[in-house]
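This report concerns only the one structure given below.
FYI, it's all coordinate maths here, none of it is from the lab. Computed from a predicted structure; not experimentally measured. Glycine gets a Cβ as well: all are built from the backbone with ideal geometry, and neighbour counts include every protein chain shown.
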Amino acid sequence: MKKICLLLLLIVACSGILAAEPSVQTDSIVYVCGPCGGSCDNLQFDKPGICPHCNMQLIKMTLSDFKKQIALKPVKVCFYLQDGVEVLDFAGPMEVFSAAGFKVFTVSKTKEKIRSQGLVSLIADYSIADAPACDVLVVFGGPTEPTNNDPAVIAWIQSHKTNTQYYLSVCTGAFILGKAGLLDNLTATTYHKQIDNLQKAYPKTRVLANTRFVDNGNVITTAGISAGMDGALHLVEKLRGRPYAKGVAEAIEYDKWVPDNGLIVKAGDKAP
């Protein structure tokens with residue numbers, strides 16, 4: 001009888017151990033601060049609402065996606081600025097990338113002072129002689145002829161092909177990418193009054209009017225001024241996902257952003 005009781009106790013104990021084994025857990029949902037560049041970007045909450053630190057709307061995502069997001073290395077973005085560069089051409093995308101937590105730095109041919117639209121004096125962080133590597137290289141509108149006619153600058157832009165993940169142009173900055181041969185056999189856009197001129201200058205490129213941005217994969221061109229913010233947000237979305245990009249748009253109060261409001265060129269769809 002004692003043996004039977006011991007056997008029953010052993011069976012019950014074993015069944016308890018089996019019942020205590022953890023079941024397969026599904027990925028939990030968390031609510032996180034929309035990107036604002038503050039330390040709260042790394043916080044997570046268990047309920048929807050407003051971030052108590054920056055008052056931004058919390059974004060819903062899986063815990064695993066959030067962990068992947070905060071583990072990503074910062075994106076290094078190089079802004080090449082020429083004398084006379086349009087203020088909003090670079091200031092808008094700079095606001096987008098800064099709010100996204102990307103590391104933005106400026107480069108000019110030299111470290112001499114330049115003037116944006118003849119109004120704002122600027123000194124770039126680096127010259128083309130000492131600029132560090134970047135993940136994204138961006139060029140902008142304004143008078144682009146001096147840059148296009150400068151072999152040293154064009155060679156510097158071309159040299160980034162091996163270590164730069166994306167090229168982005170805003171407004172007539174497309175002429176600079178075209179001069180560097182980066183638009184050959186691609187589709188592009190530019191400032192609406194320069195569509196025909198860009199097509200004439202670079203006949204190997206298919207140039208589109210009435211298009212906010214054109215994404216060829218690693219080369220993105222945008223129309224003028226405000227379209228540069230659309231292109232920048234589109235690139236943030238490519239790198240960090242749509243919820244993150246929406247958080248950036250909300251952080252800078254750019255309520256005119258419409259995702260996919262441009263042309264995304266498919267493989268095999270590129271200009272002949």
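Given 0.36 nm per residue, what is the gain on full extension from LYS266 to GLN165 after removing their alpha carbon distance, in nm?
34.6 nm
Rounded, prolate or oblate, given the Cα gyration tensor of the stretch 117-272, with a/c below 1.5 counting as rounded?
Working: a/c = 1.39, a/b = 1.14, b/c = 1.23.
Rounded is the answer for the stretch 117-272, as its axis ratio a/c remains below 1.5.
What distance in nm lies between label points placed 7 Å from Cα along the C-beta direction at ASP150 and CYS54?
3.4 nm
Applying a 10 Å radius around every beta-carbon, put 225-232, 196-203, 238-245, 113-120 in order of their mean neighbour count, most first.
With the highest mean Cβ count within 10 Å placed first, the list reads 225-232, 238-245, 196-203, 113-120.
So which lysines can LYS68 reach, going by Cα to Cα under 29 Å and dropping same-chain residues fewer than 8 places off?
Within the straight-line limit of under 29 Å, LYS68 reaches these lysines: LYS47, LYS60, LYS76, LYS103, LYS161, LYS238, LYS246, LYS256, LYS266.
Would you mind estimating how fast the chain diffuses translationally, via Stokes-Einstein at 37 °C and 0.692 mPa s with the Kirkwood radius over Cα pairs, in µm²/s?
158 µm²/s
Classify the stretch 192-272 as rounded, prolate or oblate, taking a ≥ b ≥ c as the square roots of the eigenvalues of its Cα gyration tensor: rounded when a/c is under 1.5, otherwise prolate if a/b is larger than b/c and oblate if not.
Judged from the Cα gyration tensor, the stretch 192-272 comes out oblate (a/c at least 1.5, b/c at or above a/b).
Could you run the Karplus curve 6.51 cos²θ - 1.76 cosθ + 1.60 with θ = phi - 60° over the stretch 168-181 and give me ³J(HN,Hα) per residue in whole Hz, x for Gly and Pro?
9, 10, 10, 6, 6, x, 4, 5, 5, 5, x, 4, 7, x
Name the residue from GLY84, TYR166, VAL120 whose Cα lies farthest towards the positive end of the charge dipole of the stretch 50-172, charges +1 on Cβ of Lys and Arg and -1 on Cβ of Asp and Glu.
TYR166
If each DSSP helix of 4+ residues adds -39,500 (n - 2.57) and the sum is divided by the residues in the chain, what number results at 222 nm, nearest 500 deg cm²/dmol?
After summing the helix terms and dividing by residue count, I get -10000 deg cm²/dmol.
Run the simple label-point estimate for THR110 and GLU253 please: 7 Å along Cα→C-beta, distance reported in nm.
Simple spin-label model gives 4.1 nm for this pair.
Can you give the FRET efficiency to the nearest 0.05 for ILE70 and ASP125, using r as the Cβ-Cβ distance and R₀ = 22 Å?
About 0.25, to the nearest 0.05.
Say we join alpha carbon atoms closer than 10 Å with springs in a Gaussian network model of the chain; which of PHE66, PHE97, PHE175 then has the biggest fluctuation?
PHE66
I need to check one value: relative contact order of the stretch 25-71, counting alpha carbon pairs closer than 8 Å and at least 6 residues apart, in percent.
The value is 42 percent.
Which three semi-axes in whole Å describe the equivalent ellipsoid of the stretch 25-71, each the square root of 5 times a Cα gyration tensor eigenvalue, listed largest first? Mind showing how you got there, number by number?
Numbers: eigenvalues 63, 31, 9 Å².
Equivalent ellipsoid of the stretch 25-71: 18, 12, 7 Å, largest first.
Could you give the size of the charge dipole of the stretch 73-264 about its Cα centre, using +1 on the Cβ of each K and R and -1 on the Cβ of each D and E, expressed in debye and rounded to the nearest 20?
340 debye
Quick one: Karplus J couplings for the stretch 131-142, per residue in order, coefficients 6.51, -1.76, 1.60, θ = phi - 60°, nearest Hz, x for Gly and Pro?
Running phi through 6.51 cos²θ - 1.76 cosθ + 1.60 with θ = phi - 60° gives 5, x, 5, 9, 8, 9, 10, 10, 10, 10, x, x Hz.
Give the order of CYS54, CYS171, CYS33 when sorted by the count of other beta carbons within 10 angstrom, beginning with the fewest.
CYS54, CYS33, CYS171
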